[in-house]
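Have a look at the structure below before the remarks.
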Amino acid sequence: DTLDAFSEMNLPTVGAGRNAEEAYAPYILEKNGIKVAFVATSRAEKQYFTPVAEAAWFGLPFHWDETVFSLFGRSDLDVSIEVAKAQADFVIVYAHFGYEYNTVIEPAQQQAAYAFIDAGADLVVGAHPHILQGIEAYKGKMVFYSLGNFLFNDKDLDTVLLKVTLEGKDRVSYNLVPCRQTGGVVSDCGGTVEGERILQALRRLSIGIAVDREGNVYNAEAEES
C-alpha cells in the first residue's frame, strides 16, 4: 500500500518493490548533465518484518544472510550496483544496517560497505542505529555508517544532515550540518557550541577522517599522502 500511495503521487521509490526486479532497480536522477543513481538495501532484522523480494513476491533487496551474519559471495545487489554504475556517473547506496543505539560499527556493516564499493558504489550512507556512527574512507570512497535520526521519534539525540556536492563528474565534496533532535523537532546547530560538540563526537568515532569546524569532511590519510 505504501508503494501504491507513492505511485499515485508520482513519487519515485527505491529499495522495495512488488517483485525482485522492482526492488533491486536503481533510481537514476539527472541534473546539470550529471547522472546520480540511488540503490537501497536492508539487513533483515526479522524475516517476518523484512521479507526478501522474489520473482513474484514483494519485499526488500538483501545482500547478506541475517542468520549467520555473513556475506554471500555475489548477490543480486552487486549486480544492481553494477547496472547502476553503467548508467550513472555517481552511485549512492543507502544501507539499513548496524546496532541500534550503539556507536560500535559491527563487522557485517564494514564488510557490506566494502562490498558495495567493490561493486561500483561511490558513496555509502547508513541508517538504522538511530545514533551517530563514524565515517570511513575505503578505496577513496566515503562510508557514513549512520547519520543518526533525521526525524524518527521524540528522543533527544544528536544527528547530522549530509550535503553531497558534485562539481562535474569527478569532483565530490561532503559537508555535515550538525543537528539536534529534541521533542520530535530537528534543529540546525551549525556554528554553535552544541554543533561543534556533535562534530567532535563524530571525529572521535571516525576512521582516518577529518571534519573541520564548518563540517567539511576529508579523507585525512589521503590528504597526508
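The values are calculated or read from the model by the stated rules, or taken from the named source; none is laboratory data. This structure is a prediction, so every number in the text was calculated from the model and none was measured. FYI the Cβ positions are ideal-geometry reconstructions off the backbone, even for glycines, and counts take in every protein chain you see. Side chains are part of the model used for accessible areas, which takes the heavy atoms of the whole protein and leaves out ligands, DNA and RNA. Shrake-Rupley method; radii C 1.70, N 1.55, O 1.52, S 1.80 Å.
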Any idea how many residues of the range 94-117 are in contact with a strand residue (DSSP E or B) (Cβ under 9 Å, 6 or more places away or on another chain) and more than 19 Å from Ala201 (Cβ to Cβ)? 13
Can you tell me which residues in the range 171-188 are touching a Leu at 6+ places or on another chain (Cβ under 9 Å) and in a loop (DSSP other than H, G, I, E, B)? Gly184
Among (1) surrounded by fewer than 18 Cβ atoms within 10 Å (Cβ to Cβ); (2) in contact with a helix residue (DSSP H, G or I) (Cβ under 7 Å, 6 or more places away or on another chain), the one test that Arg180 misses: (1)
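More than 19 Å from the chain's Cα centre (by Cα), outside any strand (DSSP E or B) and modelled with pLDDT of 95 or more: does that describe Glu221?
Working: more than 19 Å from the chain's Cα centre (by Cα): yes; outside any strand (DSSP E or B): yes; modelled with pLDDT of 95 or more: no.
No.
For every residue, the table says whether it meets (1) surrounded by fewer than 17 Cβ atoms within 10 Å (Cβ to Cβ); (2) in a strand (DSSP E or B); (3) among the basic types (Lys, Arg).
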{"residue": "Lys85", "(1), (2), (3)": "no, no, yes"}
{"residue": "Gly98", "(1), (2), (3)": "no, no, no"}
{"residue": "Tyr101", "(1), (2), (3)": "yes, no, no"}
{"residue": "Val104", "(1), (2), (3)": "yes, no, no"}
{"residue": "Ile117", "(1), (2), (3)": "no, no, no"}
{"residue": "Gly126", "(1), (2), (3)": "no, yes, no"}
{"residue": "Thr165", "(1), (2), (3)": "yes, yes, no"}
{"residue": "Lys169", "(1), (2), (3)": "yes, no, yes"}
Cross-chain or 6+ apart pairs with Cβ under 8 Å, the range 49-62 first and modelled with pLDDT under 70, then among the polar types (S, T, N, Q) and buried (at least 17 other Cβ atoms within 10 Å of the Cβ): Thr50/Ser42; Phe62/Thr41; Phe62/Ser42; Phe62/Ser75
For the range 107-135, name all the residues that are at pLDDT below 90 and farther than 18 Å from Ala40 by Cα. Pro107
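If you check Glu196 against the conditions, is it charged (D, E, K, R), open to solvent by 50 Å² or more (accessible area, probe 1.4 Å), more than 14 Å from Gly148 (Cα to Cα) and in contact with a strand residue (DSSP E or B) (Cβ under 9 Å, 6 or more places away or on another chain)?
Values: charged (D, E, K, R): yes; open to solvent by 50 Å² or more (accessible area, probe 1.4 Å): no; more than 14 Å from Gly148 (Cα to Cα): yes; in contact with a strand residue (DSSP E or B) (Cβ under 9 Å, 6 or more places away or on another chain): yes.
Spelling it out, it is not the case that Glu196 is charged (D, E, K, R), open to solvent by 50 Å² or more (accessible area, probe 1.4 Å), more than 14 Å from Gly148 (Cα to Cα) and in contact with a strand residue (DSSP E or B) (Cβ under 9 Å, 6 or more places away or on another chain).
Is it the case that Ile207 is open to solvent by 70 Å² or more (accessible area, probe 1.4 Å), among the β-branched types (Val, Ile, Thr) and touching an Asp or Glu at 6+ places or on another chain (Cβ under 8 Å)?
Numbers: open to solvent by 70 Å² or more (accessible area, probe 1.4 Å): yes; among the β-branched types (Val, Ile, Thr): yes; touching an Asp or Glu at 6+ places or on another chain (Cβ under 8 Å): yes.
So Ile207 fits the description; yes.
Here are Asp118, Asp154: which of them is out of contact with any Lys or Arg (no Cβ under 9 Å at 6 or more places or on another chain) and of a type in the set (D, E, K, R)? Show your work before the answer.
Numbers: Asp118 fails: out of contact with any Lys or Arg (no Cβ under 9 Å at 6 or more places or on another chain).
Sole residue among the options that is out of contact with any Lys or Arg (no Cβ under 9 Å at 6 or more places or on another chain) and of a type in the set (D, E, K, R): Asp154.
Within the range 1-41, can you find the residues that are under 19 Å from Asp89 (Cα atoms) and in contact with a Phe, Trp or Tyr (Cβ under 9 Å, 6 or more places away or on another chain)?
Initial filter on the range 1-41 (under 19 Å from Asp89 (Cα atoms)): 14, 24-40.
Answer for the range 1-41, where residues must be under 19 Å from Asp89 (Cα atoms) and in contact with a Phe, Trp or Tyr (Cβ under 9 Å, 6 or more places away or on another chain): Val14, Pro26, Tyr27, Ile28, Leu29, Ile34, Lys35, Val36, Ala37, Phe38, Val39, Ala40.
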Using the structure shown, decide if Lys155 is part of a loop (DSSP other than H, G, I, E, B) and of a type in the set (Lys, Arg). yes
Of all residues in the range 25-48 being in a strand (DSSP E or B) and basic (Lys, Arg), which is modelled with the lowest pLDDT? Lys31
Of Val91, Val83, the only residue that is under 29 Å from Leu205 (Cβ atoms), modelled with pLDDT of 90 or more and among the hydrophobic types (A, V, I, L, M, F, W, C) is Val91
